[in-house]
1. Cα centroid distance between segment 124-146 and segment 78-98, in Å?
2. Write out the chymotrypsin sites (Phe, Trp or Tyr not before Pro) in segment 63-153 meeting two conditions: DSSP loop, and at most 15 other Cβ atoms within 10 Å of their Cβ.
3. Pairs Lys73/Lys142; Lys107/Lys142; Lys73/Lys107; Lys107/Lys138: which are spaced more than 18 Å apart, C-alpha to C-alpha?
4. Output wanted: per-residue J couplings in Hz (rounded whole) for segment 88-95, from phi through Karplus 6.51 cos²θ - 1.76 cosθ + 1.60, θ = phi - 60°, x for Gly and Pro.
5. So what J values fall out for segment 74-79 if you push phi through Karplus, 6.51 cos²θ - 1.76 cosθ + 1.60 with θ = phi - 60°, rounded to Hz, Gly and Pro as x?
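Just so it is clear, none of the values below were taken in a lab; they were calculated from the coordinates. What you see is a predicted model; the values in this text were computed from it and never measured. Every residue, glycine among them, receives a Cβ derived from its backbone with ideal geometry; neighbour counts consider all protein chains shown.
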Amino acid sequence: MASQSPFFGKRDRDTNDSLTSRPAPLMGGSTLSGHPVGGPALGAAAAATPAAAPAPVQETGSKLTVGPNIKLKGVEITDCDTLVVEGTVEATMDSRVIQIAEQGAFKGSAEIDIAEIRGSFDGNLTVRQKLVIHATGKVSGKIRYGKIVIEEGGQLSGEISVGTSASSDVKPALAA
């Protein structure tokens with residue numbers, strides 16, 4: 001089998017990867033209470049493992065990836081926890097996370113919890129929690145955000161305001 005579709009067998013690969021990435025004491029070297037069965041040396045190794053390598057963030061929920069050279073136009077994206085844009089998207093969406101790759105572009109309106117921009121975003125962007133613009137990222141339009149991080153080289157232009165509620169709600173908070 002020289003070529004295999006990336007859609008088939010993904011669940012099996014993800015399950016196998018998560019099983020092999022567990023620390024050794026959990027794979028049968030521990031009791032049900034979680035105490036190591038190999039003596040103090042095994043317990044010390046298990047204690048050092050989580051501190052040495054932090055666990056990667058687990059993505060849960062639904063994920064839509066718009067791959068390179070793909071154009072998605074004129075849609076409303078709903079019930080999507082994570083949108084990964086490697087191509088071009090013209091849409092309206094309300095989601096949890098958006099990730100725009102270097103070659104990716106999003107044009108439209110988005111209400112997001114967390115936005116990570118390496119490519120370009122043009123339109124209305126409301127980020128309820130954190131907006132991260134990487135060095136290659138370009139964000140323009142009407143932007144509202146809770147927190148913001150802009151790497152050196154990242155670009156931000158347009159009508160920009162802090163806070164995700166209406167500007168009349170933000171002013172009393174600033175006065176206090």
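1. Segment 124-146 and segment 78-98 have Cα centres separated by 14 Å.
2. Numbers: sites: Phe106, Phe121, Tyr145; in loops: none.
When the chymotrypsin sites (Phe, Trp or Tyr not before Pro) of segment 63-153 are filtered for loop state and at most 15 Cβ neighbours within 10 Å, nothing remains.
3. Checking Cα-Cα distances, Lys73/Lys142 exceed 18 Å.
4. 10, 10, 10, 7, 10, 8, 9, 8
5. My calculation for segment 74-79 gives x, 10, 10, 9, 10, 6 Hz in order.
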